[in-house]
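Working notes, beginning with the structure itself.
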Amino acid sequence: MKLLFLGTVAGATTRDRNSSCLLLTLDSPMQNWLFDCGERSHYYLQQKRIKLNSISKIFITHMHSDHILGLMPLLCAMSVRKRKDDLLLFGPKGISDFIEMNLKAFYTELNFNLIIKEHESSQLIYEDDFFTISTHELLHRCPSFAFRIEQKDQFTRFNTERLKAENIDVGSWVKELKLGKKVILPEIGELKPQDYFQNQVKGKIITVFGDTQPNPNEIIASKNADVVVHEATFREDLIESARKYGHSTAMDTAKMAKEAEVKWLILTHISARYSQQELREALLQEAKSIFPNTDLADDFREFYLG
Ligand SMILES: [Zn+2]
Ligand SMILES: [Zn+2]
């Protein structure tokens, strides 16, 4: 599993850094999911040679321009590249009107099926054999959400010896068993995954936050997560600005990570005032003084999760 940051600056894009965008690559099954889409995201994706139409889901945390200005160029580029697969897009209420109005203004129709799922509260928004995804309402100047992705446990190293010993023929039911489901076979009865696989792989929990100031929902969104991606717009000396604009300081975020007992914290959405390396390092150290396992994202920086 890989996190590739394609935009890490808060607010307007600068000469060196794009506004918010994160690509999450999952490997079992292989999928590319995009979180937020700052204005240069489409260009950055191409720079990293990511096929635009390999993205199967887009998640928009909130409607502020630094998180959404790159969405229409990306959707139009997917259409120009003759996308065939459906695209699932999750975002706050109002995103559907935003997309429709833009397409109308451009006299453009997408040539693929864009399925838009809007949410306006903390809720379960998606579930399949591999993942559950929920939204968690945050505290910002507009409706803003965190996405909590919970990967389901999977079973590996199929025990064919036991199957042979019990005279059971392999069938398509193995797939169900691998996903942790019980299977009932005629004349044989119920098979449990833990009896026929030697290894149970614990699913990971990843939480990606939208802009927010500290609030209790953050703990629910990130409780025991393997990795949390969270804004740290300001250093502690500018805590008043952080509160005024509905943002967090690096120390706010580190305190939250500690309380939620997360394993790893990655800070992003850093104010452009900290573009110099030593200022960025100072911001990181403020967070590390409270939560040591913290990293700082930068445009094009990649992080791997086992
Ligand atoms: Zn923002
Ligand atoms: Zn915002």
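The values are calculated or read from the model by the stated rules, or taken from the named source; none is laboratory data. Quick caveat, the model's predicted, so the values are computed rather than measured. Cβ coordinates were reconstructed from backbone atoms using ideal geometry, including for glycine residues, and neighbour counts include every protein chain displayed.
Quick look at the numbers
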{"read-out": "Matching entry among GLU302, GLU281, GLU261, GLU236 (being on the phi > 0 side of the Ramachandran plot and modelled with pLDDT of 95 or more)", "value": "GLU261"}
{"read-out": "The lone exception for THR212 - which of (1) within 19 Å of the chain's Cα centre (by Cα); (2) closer than 30 Å to VAL174 by Cβ it fails", "value": "(2)"}
{"read-out": "Residue count, the stretch 119-155 (criterion: charged (D, E, K, R) and at pLDDT below 95)", "value": "4"}
{"read-out": "Some residue of the stretch 19-26 being without any contact (Cβ under 8 Å) to a residue 12 or more places away in the chain and surrounded by fewer than 21 Cβ atoms within 10 Å (Cβ to Cβ)", "value": "no"}
{"read-out": "Which numbered condition MET63 fails, given (1) within 16 Å of ligand 2 (Cβ to nearest atom); (2) more than 17 Å from the chain's Cα centre (by Cα)", "value": "(2)"}
{"read-out": "Total residues in the stretch 18-60, condition within 16 Å of ligand 2 (Cβ to nearest atom) and not polar (S, T, N, Q)", "value": "9"}
{"read-out": "Residue, surrounded by the most Cβ atoms within 10 Å (Cβ to Cβ), within the stretch 179-217, restricted to residues that are away from ligand 1 (no atom under 16 Å from the Cβ) and of a type in the set (D, E, K, R)", "value": "LYS204"}
{"read-out": "Qualifying residue in the stretch 77-86 (condition: buried (at least 17 other Cβ atoms within 10 Å of the Cβ), closer than 22 Å to PHE145 by Cα and touching a residue at least 12 places away in the same chain (Cβ under 8 Å))", "value": "no"}
{"read-out": "Members of the stretch 135-152 found to be in contact with a helix residue (DSSP H, G or I) (Cβ under 9 Å, 6 or more places away or on another chain) and in a strand (DSSP E or B), listed by number", "value": "THR135, HIS136, GLU137, PHE145, ALA146, PHE147, ARG148"}
{"read-out": "Those residues of the stretch 153-193 which are touching a residue at least 24 places away in the same chain (Cβ under 8 Å) and either assigned to a loop (DSSP other than H, G, I, E, B) or under 26 Å from ASP27 (Cβ atoms) (or both), in sequence order", "value": "ASP153, GLN154, PHE155, THR156, ARG157, PHE158, ASN159, LYS178, LEU179, GLY180, PRO193"}
{"read-out": "Where VAL208 falls short, out of the listed (1) in contact (Cβ under 8 Å) with a residue 12 or more places away in the chain; (2) of a type outside the set (Ser, Thr, Tyr); (3) not assigned by TED's automatic domain parsing to the domain that holds PHE130", "value": "(3)"}
{"read-out": "The listed residue being touching a residue at least 12 places away in the same chain (Cβ under 8 Å) and assigned by TED's automatic domain parsing to the domain that holds TRP33, out of GLU127, GLU120, GLU100", "value": "GLU120"}
{"read-out": "Unique match (being over 18 Å from MET1 (Cα atoms) and within 16 Å of ligand 1 (Cβ to nearest atom)) among ARG235, ARG273", "value": "ARG273"}
{"read-out": "Qualifying position, being in contact with a strand residue (DSSP E or B) (Cβ under 7 Å, 6 or more places away or on another chain), within 24 Å of PRO29 (Cα to Cα) and at pLDDT 95 or above, among ILE50, ILE95", "value": "ILE50"}
{"read-out": "Flag if ALA242 is over 17 Å from the mean Cα position of the chain (by Cα) and within 16 Å of ligand 2 (Cβ to nearest atom)", "value": "yes"}
